[in-house]
Every structure is written in C-alpha cells, then in structure tokens.
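Notes follow once the structure below has been shown.
What follows is calculated from the coordinates using simple rules that are stated; it is not laboratory data. A quick note: this is a predicted structure, and the numbers were derived from the prediction, not measured. In this analysis, Cβ positions are derived from the backbone assuming ideal geometry, glycine residues included, and neighbour counts consider all displayed protein chains.
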C-alpha cells in the first residue's frame with residue numbers, strides 16, 4: 001500500500017472536490033474563524049472588564065482610607081496651630097486652606113471635562129475617510 005499524501009499532508013486520492021466545493025469550504029471555514037475571533041475578543045474584553053472592576057474597587061477602598069487619614073492629618077495640623085493661636089482660629093485656617101485646594105482641583109477637573117475636550121472629532125474624521133481609503137483614494141478624495 002503506497003502513501004498517497006502530498007507534502008502538505010492532504011490525501012491526494014481523496015481530492016475529488018470541485019472548485020465550487022472548495023470555495024464553499026473556504027467560505028465556511030473563514031466564517032467559522034471569524035466567529036472564533038469574535039468569541040476570543042469577547043472573552044478578552046470580559047477579562048479586562050473584570051480586572052477593571054477589581055482595580056476600581058481597590059481604588060475606592062483606598063480613597064475611603066485616604067479620606068479618613070486626611071481628616072486625621074488636618075485635625076493634627078489644627079492642633080499644632082493651636083500652640084500659636086486659639087483652636088477655633090486654627091481650625092478655620094486649616095478648613096479654608098483645604099477648601100481652597102479642593103476648589104482648585106475641582107476647577108481643573110471641570111476644565112478637562114468641557115465638551116470640546118471630550119470631542120471625538122479625530123475619530124469621526126478617520127471613519128469618514130475609511131471607505132475612500134479602502135477604495136484606494138487618499139484624504140477622502142472620491143475620484
């Protein structure tokens with residue numbers, strides 16, 4: 001019994017498929033591969049989202065502990081200033097300084113969240129150029 005396999009491992013004796021059958025198989029295998037790739041991407045996204053959830057939980061816990069620590073630190077600062085002035089005045093100074101820092105941080109965050117900085121203009125332009133780029137044109141020129 002002779003070996004009828006070619007160098008690629010296909011049995012040449014069984015090669016009775018017509019070209020349309022081969023194209024059909026190729027299409028089916030391509031669709032199956034694409035579906036597997038989509039499933040892989042979905043699994044990776046799920047894993048990434050789970051990691052983000054764990055990270056966000058850890059950051060929230062750190063924020064709670066940090067706020068408590070900041071409160072104790074500010075109380076200590078007020079009591080330190082009590083050595084030089086009355087406690088009510090020291091507490092008022094510490095509170096005013098803390099509120100000024102908080103306002104500066106809020107204003108900075110608000111500025112970064114303005115609608116113009118949240119624009120997706122570059123992405124929109126890229127998506128508008130994509131069909132013409134696929135067709136072989138540059139910079140959205142439809143020739």
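Taking 7 Å steps out from each Cα toward its Cβ at residue 113 and residue 50 produces label points 3.1 nm apart. Compactness ratio for region 16-86: Cα radius of gyration over 2.2 N^0.38 Å (N = residue count) comes to 2.72. Each of 124, 129 was scored by other Cβ atoms within 10 Å of its Cβ. Arranged with the fewest first, they read 124, 129. Distance between the modelled labels on residue 93 and residue 126, one decimal in nanometres: 5.3 nm (7 Å Cα→Cβ projection).
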